[in-house]
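First up is the structure itself, then whatever we jot down about it.
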């Protein structure tokens, strides 16, 4: 039986034309985030299953690719539970591994520490447009900074990057987990039901206000509590006055410093942004990860029809490794979705080095071929990209293919002339 030539479901082969865009975006990410003081790090893609299953990753914990024990450790016939078979898994995001990494190396790192991570993650998810089972993530995190300077820098750095990729008119949606909790408590929901309430609220963009109210009632929640909750969303606006309205309505259920911090983030980002985008207060923004403790944010783009990045503050995660609380905040861009949008736009890499192709006639004397290779070497030293190939029988198709790959100049070398 012939071997399978297609990749595993949810994973993809990457052709050179896309790889060129990906490499360019990676270079731009490192350059841009580096200018904001972020340092590149790398952690293993395999993580302890106990870390991945620590009730921090929300629904992603149901999507872990688990790795069987190896060698003498694997005793399938004697297994009584899953832990007898597996103790490691592929990471589903970069935040949990970063927290372990920082906990292990804190004494060797600066404080605050500004980390840049890029790498593949794996989720046993249902593949769809812009969503794969193996995909690249790109995260920036600031560890050890308790003030909202962390949120401001993360948002400014990320939006600066998007601006360099010619993205405009997108929206940064921002909220606060403490506002979410205060709104639920004010409405009369029990604290132990908050997760259920928030999971339903997170569907607001799909089913609307009436749909959320109906689902909450079906879950068995008190109708008065649901009605009071819905009224909060009916009257709130997307600017800083919306935050003030929430505070005035909730009273002692919400601390003033939460309002002041979120207002400062929005006003400062709006004043310092280097590209056209909107930053709006969205009290329906939930973010699925259980590890978020404060500010949360997402990037929404109409051309994708949803989120292309997100993040927030997770001040309690590192304490689970060390026992010591360390403030932490991060922002992740949807690398795969960004690349997909660039490809759909037929994005051309700006200021790319001139790409030339040398086509050499077959059966050319070796001394002449060596001269041509030397000429190509000289041009490469000057910054050009030069591909040397033997001339094919269907030269017209060969040249068309080279042009489609970005080779702007094609030089032909024949035996009887240089």
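There is at least one residue in the stretch 146-160 that is more than 30 Å from residue 107 (Cα to Cα), in contact with a strand residue (DSSP E or B) (Cβ under 7 Å, 6 or more places away or on another chain) and not in a strand (DSSP E or B).
Note on the stretch 109-118: residues that are at pLDDT below 95 and either outside the structural domain of residue 314 (by TED's automatic domain parsing) or more than 13 Å from residue 328 (Cβ to Cβ) (or both) total 1. When the criteria are applied in full, residue 307 fails the requirement of being at pLDDT 90 or above, over 30 Å from residue 397 (Cα atoms) and not in a helix (DSSP H, G or I).
Condition check ((1) within 23 Å of the chain's Cα centre (by Cα); (2) free of Cβ contacts under 8 Å to residues at least 12 places away in the same chain; (3) not assigned by TED's automatic domain parsing to the domain that holds residue 62) across all residues:
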site	(1), (2), (3)
263	no, no, no
274	yes, no, no
277	yes, no, no
291	yes, no, no
295	yes, no, no
312	yes, no, no
365	no, no, yes
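Of 232, 250, all but one fail to be more than 27 Å from the chain's Cα centre (by Cα), in contact (Cβ under 8 Å) with a residue 60 or more places away in the chain and surrounded by 14 or more Cβ atoms within 10 Å (Cβ to Cβ); the exception is 250.
Does residue 185 satisfy the condition of being surrounded by fewer than 17 Cβ atoms within 10 Å (Cβ to Cβ) and under 22 Å from residue 293 (Cα atoms)? So residue 185 passes the test.
Just one of (1) over 30 Å from residue 138 (Cα atoms); (2) modelled with pLDDT of 90 or more; (3) in a loop (DSSP other than H, G, I, E, B) fails for residue 232. It is (3). Taking each residue of the stretch 395-418 that is in contact (Cβ under 8 Å) with a residue 60 or more places away in the chain and looking for partners that are part of a strand (DSSP E or B) and surrounded by 14 or more Cβ atoms within 10 Å (Cβ to Cβ) with beta-carbon atoms closer than 7 Å, six or more apart or interchain, yields 406/355. Checking the stated criteria, residue 219 turns out not to satisfy the condition of being in contact with a helix residue (DSSP H, G or I) (Cβ under 8 Å, 6 or more places away or on another chain), without any contact (Cβ under 8 Å) to a residue 24 or more places away in the chain, under 19 Å from residue 59 (Cβ atoms) and surrounded by 15 or more Cβ atoms within 10 Å (Cβ to Cβ). Scoring residue 258 on the criteria (1) surrounded by fewer than 13 Cβ atoms within 10 Å (Cβ to Cβ); (2) at pLDDT 90 or above leaves a single failure, condition (1).
For residue 141, the requirement of being in contact with a helix residue (DSSP H, G or I) (Cβ under 9 Å, 6 or more places away or on another chain) and more than 16 Å from residue 269 (Cβ to Cβ) is met. Taken as a whole, the structure leaves residue 180 outside the set of residues that are closer than 23 Å to residue 114 by Cβ and in contact (Cβ under 8 Å) with a residue 40 or more places away in the chain.
Of all residues in the stretch 183-194, which are in a helix (DSSP H, G or I) and touching a residue at least 40 places away in the same chain (Cβ under 8 Å)? Explain how you work it out, then say what you get.
We begin by selecting, within the stretch 183-194, every residue in a helix (DSSP H, G or I); these are 183-187, 191-194.
The answer is 183, 184, 185, 186, 187.
Condition check ((1) outside the structural domain of residue 172 (by TED's automatic domain parsing); (2) surrounded by fewer than 18 Cβ atoms within 10 Å (Cβ to Cβ)) across all residues:
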| residue | (1), (2) |
| --- | --- |
| 316 | no, yes |
| 319 | no, yes |
| 323 | no, yes |
| 329 | no, no |
| 332 | no, no |
| 335 | no, no |
| 349 | yes, yes |
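The values are calculated or read from the model by the stated rules, or taken from the named source; none is laboratory data. Worth saying up front: this structure is predicted, and the values here are computed from it rather than measured. Don't worry about glycine lacking a Cβ; one is built from the backbone with ideal geometry, like all the others, and counts go over all protein chains shown.
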